[in-house]
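Worksheet for the structure shown next.
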Amino acid sequence: LDSYAGLVGQRREFARVVDQLRTVESELQELRRDESLIAQRIDMLTYQIEEISAASLQVDEDEKLREERTRLANAEQLQRLTTEIMAGLMESGDDTPAAIDLIGGAERILSKLVEVDEAQQEVLLELQGLSFQLSEIAARVQQYQEQLEHNPQRLNEVEERLELINNLKRKYGKSIANVLAVQKNASVELEKISNSEERISALEAERQKGLFKIGELGEALSLKRQQAAQTLSAAVEQQLQELYMEGARFSVSFNREPAEEGAFTSKGRVAFDRTGLDRAEFVISANPGEPLKPMARVASGGETARLMLALKSSLAAVDATPTLIFDEIDQGIGGRVGDIVGRKLWGLATVGDHQVIIVTHLPQLAGYGDAHLHVSKEIG
């Protein structure tokens, strides 16, 4: 189990390095696109950056400009309204005293009242506070009025600025923040593309380094697999002997495919994927004297079932397959062998915690099952 866990860890590390290499190769491929396309992209990015930079945008500037435009466009009306407000608050007429004078008069009368009845002191304080607030309001309205100006030239400038901002927003985003984000991203991409030659050299060096690393890890993984294959072969052959396939031999064949752009190994450059450098294949000789051949091409139905049983029994403790189904496993075997096969199938269910389903006519096999289903066919 420890050896198996180590092999799995090596394979995961190998796959991680391969994924890193694929990322590097993807960026290399992108940078090596047709030079004319890169030049066009540089021109476009440069134009975007310069156009947005020339506008000197400020976040939320358009909101402030719209408010200013409203004030400038309605300056005369706002001037008239503020004048009326100030008149009502501060200026007395023949028949209409100013609001502040009315409150001042009330304050004087209430002061006399408090001299007689001190219980109304709180009311006096509230009225004095109101008088102060009214003076503050008048001061703020006056300050606002002084800032108002009828300036057609400034109104035109604001309109032109808003039009410029709206054009940029139509081209690059719904807000000034979006437009500025486009400028930032364009600058990053332009720098990356402009330095493409240096980046290509760096990525190529990283790619070469990755191919050597993959070769190193791949050969270590291959050695581990070959050691595991020897252990597996011996275990499977022992299982086959117990299953009365005397003289049967089992092995794992490892092959590599040369590749000009493959990983660097001690025996040249070879192809690879996330699983490693090797192409593994189970080979078997079912009868004495026969050469080892791919299992899928030489085994009969019953032999295949017993081979799979031998494999699954050898790997029971580490195989994560939840359900195993065997059909024709009783083909060509008698009661004695059937009992052995039955015990091994039962072992798969107990040692590896698998669910094992068997299609069989042999009572010696069926006897090891926890549940039985009888299947029959009738022709009506």
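Residues in segment 254-290 that are of a type in the set (Gly, Ala, Ser) and touching a Pro at 6+ places or on another chain (Cβ under 8 Å): 3 in all. Note on segment 73-118: residues that are among the aliphatic types (A, V, I, L, M), modelled with pLDDT under 80 and closer than 30 Å to Leu162 by Cα amount to 2. The number of residues in segment 110-143 that are among the β-branched types (Val, Ile, Thr) and either part of a loop (DSSP other than H, G, I, E, B) or farther than 22 Å from Ala98 by Cα (or both) comes to 2. Note on segment 283-380: enclosed helices (runs of 4 or more DSSP H) holding 2 or more residues that are open to solvent by less than 50 Å² (accessible area, probe 1.4 Å) and modelled with pLDDT of 80 or more are 301-314, 335-351, 363-366.
The rows are residues; the columns are (1) part of a helix (DSSP H, G or I); (2) open to solvent by less than 90 Å² (accessible area, probe 1.4 Å); (3) at pLDDT 80 or above; (4) not polar (S, T, N, Q).
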position	(1), (2), (3), (4)
Tyr4	yes, no, no, yes
Gln10	yes, yes, yes, no
Val17	yes, yes, yes, yes
Leu28	yes, yes, yes, yes
Gln40	yes, no, yes, no
Met44	yes, yes, yes, yes
Tyr47	yes, no, yes, yes
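Pairs are defined by a Cβ separation below 6 Å, a sequence spacing of at least 6 or placement on different chains, a first member in segment 359-380 that is under 15 Å from Ile325 (Cα atoms), and a second member that is at pLDDT below 85 and charged (D, E, K, R); the pairs so defined are Val359/Asp327; Thr360/Asp330; Leu365/Asp330.
Residues in segment 107-151 that are polar (S, T, N, Q), open to solvent by less than 80 Å² (accessible area, probe 1.4 Å) and without any contact (Cβ under 8 Å) to a residue 24 or more places away in the chain: 4 in all. Residue pairs whose Cβ atoms lie under 8 Å apart, separated by 6 or more positions or on different chains, with the first residue in segment 226-243 and over 12 Å from Lys312 (Cα atoms) and the second open to solvent by 40 Å² or more (accessible area, probe 1.4 Å), are Gln226/Phe254; Gln227/Ser3; Ala228/Ser3; Ala228/Tyr4; Ala229/Phe254; Ala229/Ala280; Thr231/Ser3; Glu237/Arg249.
The values are calculated or read from the model by the stated rules, or taken from the named source; none is laboratory data. Computed from a predicted model, the values in this text were never measured in an experiment. Reconstructed Cβ throughout: ideal geometry from the backbone, glycine too, with neighbour counts over all protein chains shown. Note: accessible area is taken over every heavy atom of the protein model, side chains too, but ligands, DNA and RNA are not part of it. Shrake-Rupley method; radii C 1.70, N 1.55, O 1.52, S 1.80 Å.
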